[in-house]
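Since the structure comes first, as structure tokens, the remarks are kept for the end.
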Amino acid sequence: MGKPSKETKENWLKDDKYWIWGMFYFNPEDKRIFPPKRIPWMGWTVNFANPISILIAVILIVSLIGITN
């Protein structure tokens, strides 16, 4: 299977089945680490189906906690 098209990626973001409670993006087919949010101008979100993105998110949170202490 080749690289997903821009249209496929946009459809993934619109499809409710990839959003847990409407807030958490979980799509094992999407290999992006930080895909855009449902409303792209609002920034990016974490793809919780991608283990690398979870690791990066945890490192960022731990780093922020370490900086504030």
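Does Ser63 satisfy the condition of being open to solvent by less than 50 Å² (accessible area, probe 1.4 Å), free of Cβ contacts under 8 Å to residues at least 24 places away in the same chain and part of a helix (DSSP H, G or I)? Spelling it out, it is not the case that Ser63 is open to solvent by less than 50 Å² (accessible area, probe 1.4 Å), free of Cβ contacts under 8 Å to residues at least 24 places away in the same chain and part of a helix (DSSP H, G or I).
How many residues does the range 19-48 hold that are in contact (Cβ under 8 Å) with a residue 12 or more places away in the chain and either in a strand (DSSP E or B) or at positive phi (or both)? Count: 6.
Just so you know, in the range 14-53 the residues that are out of contact with any helix residue (DSSP H, G or I) (no Cβ under 7 Å at 6 or more places or on another chain), closer than 24 Å to Gly2 by Cα and among the aliphatic types (A, V, I, L, M) include one that is surrounded by the fewest Cβ atoms within 10 Å (Cβ to Cβ), and it is Ile52.
The number of residues in the range 1-13 that are open to solvent by less than 70 Å² (accessible area, probe 1.4 Å) and in a loop (DSSP other than H, G, I, E, B) comes to 3.
The values are calculated or read from the model by the stated rules, or taken from the named source; none is laboratory data. Fair warning: this is a prediction, and the values are worked out from it, not measured in the lab. FYI the Cβ positions are ideal-geometry reconstructions off the backbone, even for glycines, and counts take in every protein chain you see. Side chains are part of the model used for accessible areas, which takes the heavy atoms of the whole protein and leaves out ligands, DNA and RNA. Shrake-Rupley method; radii C 1.70, N 1.55, O 1.52, S 1.80 Å.
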